[in-house]
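Taken together, the values in this text are just the output of simple stated rules run on the coordinates, not laboratory data. Please read all numbers here as calculations on a predicted model, not as lab measurements. In this analysis, Cβ positions are derived from the backbone assuming ideal geometry, glycine residues included, and neighbour counts consider all displayed protein chains.
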Amino acid sequence: MEIPAELERTIDEVITHYPASKRSAVLPLLHLLQEHFGFISKETADWVATKLELQPINVLEVVTFYPMFRAAPPGQHHIRVCRTLSCAMGGSYKLMNDLCELAKIERPKHAGHGTPFTVGEDGRFSIEFVECLASCGTAPVCMVDDDFYENVSRESAAEILAKYHEASPQTVS
Ligand code: FES
C-alpha cells in the first residue's frame, strides 16, 4: 500500500484539527483513505492505527461499525439504493431487483452484521442497500458514486446505468 505524499500531507494537516486527542481523527482519515483507495483494507486500517497511535482493533471496529466504510473493493461505480420506509413503500426493493438485473449483478444478501454489497463480474458496478438518503418525498431514490437520483423507475434506472457505461467504457476485468 502506498500513500501518495500529497494525501499524507492532507492527513497530517487533518490530525492537527484534533489537538486534544488524535483518536478523534479516525473518521476523517478513513473517509480520505476510502476516497483514495475505494475501500479500507486491513493494511490501510493498520496504517491509520499506527498514525494515530491506536491499536488496529480500534480502527477496525470503526470500519465495521459504520456502513459507509467498505472493507473490500467496490466496482468502478458504486450504487446505493435506499431501503428505508418511504423508499421501501415506493418500490426500492423492486428497484434493487431491476438495477441488479440491468447491471448484471447478483442481488446482495443480508448475512448478519454489516451492509453487504455485491460486485458485477465485469467489475463495472457494485450495489448495496442503504438507509435513508434524506429524500423520502421522491422515493424510490438511489445514488451512483456521488450522484443522486430520485423517483427512479426501471426505465430511468436503465438510462442511469447507460450514462456510466458511456462515461467509463473500459471494464476492470
Ligand atoms: S426513505 Fe429513502 S430517502 Fe428517506
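Counted by neighbouring Cβ atoms within 10 Å, the residues 136, 100 run from fewest to most as 136, 100. Computed over the stretch 5-65, the Cα gyration tensor eigenvalues convert (square root of 5λ each) into semi-axes of 16, 15, 9 Å, ordered from largest to smallest.
Relative to its residue count, the chain spans a Cα convex hull of 132 Å³ per residue.
Axis of helix 5-15 versus longest Cα principal axis of the chain: the two differ by about 80°, to the nearest ten degrees. Here the residues 165, 78, 17, ranked from fewest to most Cβ neighbours within 10 Å of their Cβ, fall in the order 17, 165, 78.
Potential lengthening of the chain between residue 72 and residue 8 amounts to 20.9 nm, from the contour at 0.36 nm per residue minus the alpha-carbon distance. Here the stretch 64-92 is scanned for amide nitrogen atoms under 17 Å from the site 7 Å beyond the Cα of residue 109 along Cα-to-Cβ, giving none. Looking at the stretch 1-32, the GluC sites (Glu not before Pro) that sit in a DSSP loop and have at most 12 other Cβ atoms within 10 Å of their own Cβ are 2.
To the nearest ten degrees, helix 42-51 and the longest principal axis of the Cα atoms of the chain are 40 degrees apart. Cβ screening of the chain for cysteine pairs under 4.7 Å finds these without a partner: 100, 132, 136, 142. Could you work out the percent of alpha carbon pairs in the stretch 77-167 separated by over 16 Å, rounded to a whole number? Tail of P(r) above 16 Å: 48 percent of Cα pairs. Each residue in 147, 122 was given a count of other beta-carbon atoms within 10 angstrom of its own, and listing them fewest first yields 147, 122. Could you name the lysines whose alpha carbon sits less than 19 Å from that of residue 163, not counting residues in the same chain fewer than 8 places away? List returned: 104. At a Cα cut-off below 15 Å, give the aspartates and glutamates reachable from residue 94, other chains included and same-chain residues fewer than 8 away excluded. Filter leaves 106, 128, 150, 155.
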